[in-house]
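The values are calculated or read from the model by the stated rules, or taken from the named source; none is laboratory data. Because the structure is a prediction, the values reported are computed rather than measured. Here the Cβ is made from the backbone with ideal geometry for all residues, glycine too, and neighbour counts use every protein chain on show. The protein model used for the area step is the full one, side chains on, heavy atoms only, and it has no ligands, DNA or RNA in it. Shrake-Rupley method; radii C 1.70, N 1.55, O 1.52, S 1.80 Å.
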Amino acid sequence: MYSNQDYLTELLVERGLVTPEGLEEIRGTLGPNDSIINRLILDAVITEEQIGQVIAANSGNDYVEIENLPILPEVFNAMEAEVAQRFHAVPIGDDGTYVTVAVADALDFETLDSLPHVIGREVIFAVSTPTAIARLLKASYGVEDDAADSVDEFKVIGEGGEEEVAESGDAPIIKMVTNMLLDAFKMRASDIHIEPLETSLRVRFRIDGKLVEVDNHPKRLIPAIVARVKVMSGSMSIAEKRMPQDGRIQMRIGGKEVDLRVSTVPSNHGESIVMRILDKSSLLLGLGQLGFYSDDQETFERLMELPDGIILVTGPTGSGKTTTLYACLNHINKPDRKIITVEDPVEYQLAGINQVMVKADIGMTFAAALRAMLRQAPNIIMVGEIRDQETANIAINAALTGHLVFSTLHTNDAPSAVARLADIGVQRFLIASAVRAIVAQRLVRTLCKECKQAGGLSENEMRMLNIDDAQLAESTIMGPNGCESCRNSGYRGRLGIYEIFNVDDEVRHLINENLSTPQLRRRARELGMRTLREDGIRKVLAGTTSASEVISVTMSDSD
């Protein structure tokens with residue numbers, strides 16, 4: 001409900017609303033999943049209204065009783081329902097220039113920073129209570145505060161737009177698969193792994209990048225569960241069990257449009273299934289929500305407004321490159337721009353953008369699609385991945401002839417992308433001329449806002465992150481704890497850490513001089529490039545993630 005509970009309780013003590021002794025007494029009775037603020041409200045020690053007034057006074061925003069406000073219906077058009085639901089925020093005024101938005105937690109700086117970018121408007125924030133905001137959300141948009149925790153709708157959207165409703169009276173296998181998908185959605189899983197073993201069928205969810213075993217079924221159910229998933233996809237053959245197959249399932253869960261990308265592979269104990277959950281609401285993410293701090297966000301938004309050139313996003317599989325590219329396209333998608341993408345496969349369907357899927361078996365490769373796209377006179381092109389010299393050369397020629405090109409590469413850091421392009425046959429003077437910036441990224445788990453607690457750093461962590469005592473004294477180091485909200489992991493959600501390598505005139509000269517990757521990296525740092533680990537350190541010092549997370553994902557960035 002509130003982002004920084006320790007800081008909030010300090011404010012309540014300062015205002016004389018609670019006493020330190022009273023807080024300690026309540027803390028002594030808290031269970032592992034309890035929230036101190038929730039307990040204060042439940043025990044009638046303090047009210048939501050008083051908390052809201054304290055937050056308003058400390059954040060410099062007005063406190064409003066939104067139940068008594070005469071709000072015109074058109075005001076709610078300033079914000080999409082899914083954005084309002086995601087941020088637990090609701091518009092209460094719009095004068096044509098500024099949108100006034102009520103939030104419960106004006107101490108959550110990620111929300112304050114990200115929301116204006118997501119809705120594309122200047123925002124004035126006001127503070128109200130979580131209960132009042134939840135009621136107005138339901139009254140204005142017809143949505144619950146947290147659909148993921150109160151899913152009451154599940155529909156499979158078949159071909160022709162028809163919807164197959166999963167009824168409670170359906171066959172046991174249908175209910176079992178339906179419940180599996182609902183559980184994955186509620187637990188914010190990104191993947192569902194259904195794996196036949198020697199004596200059982202194992203079900204695992206990937207949550208915040210980590211695989212978690214959630215169920216085990218008798219081995220005899222493997223054929224029925226596989227058949228049910230194939231039927232739901234509408235395009236996979238039940239009879240074919242010897243060859244890999246790919247399919248797609250479209251669903252509506254709790255009012256949200258969700259796509260599942262389905263892959264089956266024969267294994268020695270039966271067909272293994274992986275379903276990738278593509279929640280379309282993630283398309284609404286702004287750069288601030290992805291993890292860009294305001295300075296990096298400013299730099300990246302400036303790069304996206306360039307008229308031509310290539311912007312590369314690099315990182316290993318699963319580092320969030322595709323999400324970043326979609327956020328970029330969503331940010332620059334305007335009626336006066338023609339945007340075409342070539343992807344393998346098309347993961348999300350974006351309104352107003354022409355998307356082309358690679359089909360290598362009929363000759364529609366990245367290179368072939370890219371050549372055809374250039375005849376469509378686009379302003380902006382996205383190439384899902386540069387894999388070979390032909391694709392790279394066409395993309396570079398497009399950038400040099402007035403197109404803005406976005407693409408990805410698999411490299412460990414940003415400067416390595418130059419060597420990677422050279423390795424696949426691109427001449428260095430073309431790289432220097434066409435590339436405008438290279439962004440490397442990783443994903444780290446964020447500490448659960450409900451239960452994270454003040455912590456410290458070990459000597460080893462301080463040494464590995466190169467943090468000194470002065471930095472430590474000025475920071476807010478937090479550590480994982482564990483509660484019901486995060487399934488006792490201490491983490492909930494992920495965000496990116498970034499390394500932005502601007503290719504300016506001096507860097508172009510260095511690329512043409514054929515500098516090695518270590519030399520190029522060293523010079524880029526001298527010119528002000530912040531490394532992945534250094535960006536992660538900022539997020540550790542801000543109490544957003546833990547030192548162990550940053551160290552684990554930046555082991556190759558230890559210089």
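Taking every residue in the stretch 208-222 that is small (Gly, Ala, Ser) and pairing it with any residue that is open to solvent by 40 Å² or more (accessible area, probe 1.4 Å), at least 6 positions away or on another chain, the pairs with Cβ-Cβ distances below 8 Å are GLY209/GLY318; GLY209/LEU443; GLY209/ARG445; GLY209/ARG494. Only residues that are in a loop (DSSP other than H, G, I, E, B), at pLDDT 90 or above and either among the hydroxyl-bearing types (Ser, Thr, Tyr) or buried (at least 21 other Cβ atoms within 10 Å of the Cβ) (or both) were counted across the stretch 482-528, and they come to 1. Residues that are of a type in the set (Lys, Arg) and either at positive phi or in contact with a Leu (Cβ under 8 Å, 6 or more places away or on another chain) (or both) within the stretch 233-273 comprise ARG248, ARG261, listed in sequence order. In the set (1) surrounded by fewer than 19 Cβ atoms within 10 Å (Cβ to Cβ); (2) modelled with pLDDT of 90 or more; (3) farther than 30 Å from ASP113 by Cα, LEU306 fails one condition alone, (3). Among the residues of the stretch 182-213, those identified as part of a strand (DSSP E or B), within 23 Å of the chain's Cα centre (by Cα) and of a type outside the set (A, V, I, L, M, F, W, C) are SER190, ASP191, HIS193, ARG204, ARG206, LYS210, GLU213.
Candidates are the residues of the stretch 362-404 that are surrounded by fewer than 16 Cβ atoms within 10 Å (Cβ to Cβ) and among the small types (Gly, Ala, Ser); the one that is farthest from PRO345 (Cα to Cα) is GLY402. Tell me, which residue of the stretch 233-259 that is within 31 Å of the chain's Cα centre (by Cα), outside any strand (DSSP E or B) and not aliphatic (A, V, I, L, M) is nearest to CYS486 (Cα to Cα)? Among those that are within 31 Å of the chain's Cα centre (by Cα), outside any strand (DSSP E or B) and not aliphatic (A, V, I, L, M), it is GLY254. In this entry, GLU74 passes the filter for residues that are touching a strand residue (DSSP E or B) at 6+ places or on another chain (Cβ under 8 Å), open to solvent by 70 Å² or more (accessible area, probe 1.4 Å) and either in contact (Cβ under 8 Å) with a residue 60 or more places away in the chain or not hydroxyl-bearing (Ser, Thr, Tyr) (or both). The numbered conditions (1) open to solvent by less than 60 Å² (accessible area, probe 1.4 Å); (2) charged (D, E, K, R); (3) in a strand (DSSP E or B) are all true for LYS230 except (3). Cβ-Cβ distances below 7 Å connect the following pairs, each with a first residue in the stretch 77-101 that is free of Cβ contacts under 8 Å to residues at least 24 places away in the same chain, a second residue that is assigned to a loop (DSSP other than H, G, I, E, B), and a separation of six or more residues or different chains: PRO91/MET79. If you go through the stretch 36-59 and keep only what is surrounded by fewer than 16 Cβ atoms within 10 Å (Cβ to Cβ) and over 19 Å from GLU484 (Cβ atoms), you end up with ALA44, THR47, GLU49, ALA57. Against the list (1) open to solvent by 60 Å² or more (accessible area, probe 1.4 Å); (2) in a strand (DSSP E or B), the condition ILE438 fails is (1).
A residue that is farther than 30 Å from GLY490 by Cβ, open to solvent by 60 Å² or more (accessible area, probe 1.4 Å) and assigned to a helix (DSSP H, G or I) can be found somewhere in the stretch 120-138. Within the stretch 522-537, residues that are under 26 Å from SER475 (Cβ atoms) have Cβ atoms under 8 Å from residues that are among the polar types (S, T, N, Q) and assigned to a helix (DSSP H, G or I) in no pair, counting only partners at least 6 apart in sequence or on another chain.
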